[in-house]
Each structure stands twice: as structure tokens, then as C-alpha cells.
Amino acid sequence: MKTMNELMLHFMQDILYAEKASLREMAKTAKAVESPELKDLILRHRDQSQQQVSRLERVFDILGKRPRAKVCAAMNGLTEEMEEVVDESDRGPVRDAALIAGLQAVEHYEIARYGAMIAWAKQADLSNAADLLQETLDEEKEADRLYSELAERSLNPEVAAIDESEAEEEPEPEPAQPAPRKRPASRKAKEPEPAPAPAPAKRAPKAAAPKRAARK
Ligand SMILES: [Fe+2]
Ligand SMILES: [Fe+2]
């Protein structure tokens, strides 16, 4: 990469791969979630993303290049993490909350990339390309906002409610074998608090103020 056009092309190839990978991941994620609202959001953004791929192809055209995708390691990592979540959780609000965080990580990556490409396109006087990319960027930001809104309004409170109900059900583990030594020890330790007081002694030697005075 030596020129801005080459830089732009490199990022275009990266984001084309990323969009296609996210399309596949959204299809899988939509099947793995429990919340119908979340499923609906995912599928709607999936449809949008298909349009985004078409827009990218038009930008390739503007650049006079054939649309070619190059492996995007970042998107591979993000989608792998989401698959781990599915493997390690059961269908339900906790999985949904984890997957929404994963979906947002994907949006944030896209937002960062489109933002950079728009700046370069404008710099290179490619206003048609900048406009197309801006349309996509707006959709990514809106998708991110909708995920946040759903998480805050519905999914996170559901997860918190599970935590609370589990805490109520759990028997108090106290009587089993709580180290009887630690308690008295810590109580005793609290009483003679005044002991570690001689800290000011350390400050005293620091009062090397005369040096400053000498410099002035
Ligand atoms: Fe996208
Ligand atoms: Fe997106």
C-alpha cells in the first residue's frame, strides 16, 4: 500500500469480507437467540447488510476495481467469539445478552472501518463513494443504537432478575465451615487501627522545600 487509493482498496476488500462474514453470522445468531424482538432486529439488519454489500460493489465500481474480498481477521475473531457464546450457553436471556454484546462489537468494527473509508473517499474527491459509504455507516449506527436500546430495556433487566431469583433460592452457605479464625482476626485487626498511623513520618523527610527555595 503506497497510495490513498491502494489504502482505500485494501479496506474495501477487508470490509467486503467482513460484511459477508457478518451476514452468515447473523443468520446463525438469529436461530440461537430466544427473544423474538432480538431475532427481528438481527434479521432486519441482515437484510440491510445485503444492501450494504451491493453498495460496496458500487464503490468498487467507482474505484474501477473488481469486488474482491480479503480475509478480515478481526471479523473472524468476533464471529468466533459469538459462536463460543452459543456453545457455552443455553437458549435464554443470558445467551441473548452475550450475543447482543457480540453483535454490537461487529457493528463497532464496521462503524470504525466505514468512518475511515468515508474520510479517505472525501479526501480523494470521491463524493459518490463517500455518500454510499455514509448511507451504510448510518445504518450501522442505527443498528448499534437499536441493540443497545433492546439490551437496556429488556434483556439486561431479565438477566438481573435471574441473578436475583437465584440468590434467593441459594441456601446460606454460612454454617458449613466458615473459617472461624478469620473473623475474630479481622475484627481484632480493625481495633488497633491507630497502629499504622506513623505514615506522616515518611512525609517529613520529603519536605525538602529549601531546595526549591534555593533554586528560586
Ligand atoms: Fe454492515
Ligand atoms: Fe452492521
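The values are calculated or read from the model by the stated rules, or taken from the named source; none is laboratory data. All figures in this text were calculated on a predicted structure; none of them were measured in a lab. Note that we place each Cβ from the backbone using ideal geometry, even for glycine, and neighbour counts take in every protein chain shown.
A few notes on this one:
- Residue under evaluation ALA143, criteria (1) more than 16 Å from ligand 2 (Cβ to nearest atom); (2) hydrophobic (A, V, I, L, M, F, W, C); (3) buried (at least 19 other Cβ atoms within 10 Å of the Cβ), criterion not met: (1)
- Of the candidates ILE42, ILE15, the single residue that is within 13 Å of ligand 1 (Cβ to nearest atom), in contact (Cβ under 8 Å) with a residue 40 or more places away in the chain and under 30 Å from GLU164 (Cβ atoms) is ILE42.
- Hey, MET75 over 25 Å from LYS28 (Cβ atoms), within 21 Å of the chain's Cα centre (by Cα), in a helix (DSSP H, G or I) and of a type in the set (A, V, I, L, M) or not: no
- Single residue of ALA119, ALA101, ALA151, ALA97 found to be on the phi < 0 side of the Ramachandran plot, away from ligand 2 (no atom under 13 Å from the Cβ), over 21 Å from the mean Cα position of the chain (by Cα) and in a helix (DSSP H, G or I): ALA119
- Qualifying residue in the stretch 84-102 (condition: of a type outside the set (Val, Ile, Thr), modelled with pLDDT of 95 or more, in contact with a helix residue (DSSP H, G or I) (Cβ under 8 Å, 6 or more places away or on another chain) and within 13 Å of ligand 1 (Cβ to nearest atom)): no
- Just one of (1) crowded, with 17+ Cβ neighbours inside 10 Å; (2) of a type in the set (Asp, Glu); (3) away from ligand 1 (no atom under 11 Å from the Cβ) fails for GLU152. It is (1).
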